[in-house]
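The values are calculated or read from the model by the stated rules, or taken from the named source; none is laboratory data. Computed from a predicted structure; not experimentally measured. Neighbour counts run over all protein chains shown; Cβ positions are idealised from the backbone, glycine included. Ligands, DNA and RNA are stripped out before the accessible areas are found, and what is left, the full protein with its side chains, is counted by its heavy atoms. Shrake-Rupley method; radii C 1.70, N 1.55, O 1.52, S 1.80 Å.
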Amino acid sequence: MARRSAPVPVPADPVLADLTPDQRLRRLELTVTRRLDGMLHGEHRGLLPGPGSEPAGSREYRPGEDEVRRMDWAVTARTTVPHVRQVDADRELTTWLLVDASPSMEYGTAELDKRELAVAAVATVGFLTTGPGNRLGAQVLTTSGLRRLPPRGGRTHLLGLLRGLLAEPRVSGHDGPGGPSPGTADLSDAVAAVHRVAHRRGLVVVVSDFLDGLPDDPRLPATWERPLRRLAVRHQVLAVEITDPRELELPDVGLITLADPETGERREVWTGDRRLRERYAAAAAAQRDQVRDAVRRSGATHLSLRTDRDWAADVVRHVHAQRRLAAAGAGPNRGGAA
């Protein structure tokens, strides 16, 4: 089975397909604000617990990680050990988004395709992290390379980013081999690029199917694992994995065509063969395990979203789990799946 092969995509929802980008954006905004009402307040205590500016005790200073301006001089003098102030909600958060808009993200067999679900995830991050002084920047991985949007604040900037993602040209469904353009960045390059531009410590959210750069040997690391680990040393990193049910198992529907969305290579497969379907499901499960394990080893937090599930409910569960961890004093869920 080709690593990125999947049944040739079909329109997931004809109603959505008939909407203009502005209409789809309005529907998405209503979904996020209604379903996540109550979480869109309290600065950025939503997706991941992190540093901020409200006093919450002190702890020992960690060289190379803590900022000197957060030193608690009174406690340091009393204990003769350097301490920093612990704080709750950051008043000025810079969030960087890395959004995978490669051809494999155009596939979908449920209500949304993977690209639309990725935009929904971006919208959720944007609305949960918006606030006075907060800024949002993005790197978009396309077939023509990386497109960078410098960090800015405000609702207008967020809506412009979402509108651009919805209007991003689609290339799947072409006839014959094509492949990426020469010099096109892959996911590992894109993660490394975020590391270069995200100078100030903050939140980084990577939205992808994470299929790019997975080796055939599961004992070997994915090409993006090392740059993701470097990113997680300095920043809080949330890896949002986007999947579709037909990438996990084949239906028994007779003869279908599998296509590699990155190259256009096609292969006809008879799905009536039970053993073939079982091998496909086993290989797909192993592939998802590879992704989950690589994210965990990198030190990032893992959130899995599927096109056939209630993605808003999954985000809510993830946020509540992170808040429980923060309240229990466990800190961010480093490498755990929600």
Counted residues, segment 227-252 - those being among the basic types (K, R) and closer than 21 Å to E116 by Cα | 1
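Which fully enclosed helices (runs of 4 or more DSSP H) of segment 1-114 have 1 or more residues being surrounded by 14 or more Cβ atoms within 10 Å (Cβ to Cβ) and modelled with pLDDT of 70 or more?
Helices (runs of 4 or more DSSP H) meeting the threshold: 21-35, 73-79.
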Pull up segment 271-284, narrow it to residues that are touching a strand residue (DSSP E or B) at 6+ places or on another chain (Cβ under 9 Å) and assigned to a loop (DSSP other than H, G, I, E, B), then point me to the one that is surrounded by the fewest Cβ atoms within 10 Å (Cβ to Cβ).
-> G272
Filter segment 177-217 down to residues that are in contact with a Gly (Cβ under 7 Å, 6 or more places away or on another chain) and either within 14 Å of A300 (Cβ to Cβ) or polar (S, T, N, Q) (or both) and give me whichever is modelled with the lowest pLDDT.
-> T184
How many of the residues in segment 130-159 are hydrophobic (A, V, I, L, M, F, W, C), in contact (Cβ under 8 Å) with a residue 24 or more places away in the chain and either assigned to a strand (DSSP E or B) or open to solvent by 50 Å² or more (accessible area, probe 1.4 Å) (or both)?
-> 5
Please verify whether segment 287-298 includes one or more residues that are more than 12 Å from E241 (Cβ to Cβ), open to solvent by less than 10 Å² (accessible area, probe 1.4 Å) and under 18 Å from the mean Cα position of the chain (by Cα).
-> yes
G254 passes all but one of the listed conditions (1) open to solvent by less than 30 Å² (accessible area, probe 1.4 Å); (2) closer than 25 Å to W311 by Cβ; (3) free of Cβ contacts under 8 Å to residues at least 40 places away in the same chain; the exception is number (2)
Got a number for residues in segment 93-129 being without any contact (Cβ under 8 Å) to a residue 60 or more places away in the chain and touching a Gly at 6+ places or on another chain (Cβ under 9 Å)?
-> 1
Can you tell which of E268, E241 is open to solvent by 70 Å² or more (accessible area, probe 1.4 Å), among the charged types (D, E, K, R) and part of a strand (DSSP E or B)?
-> E268
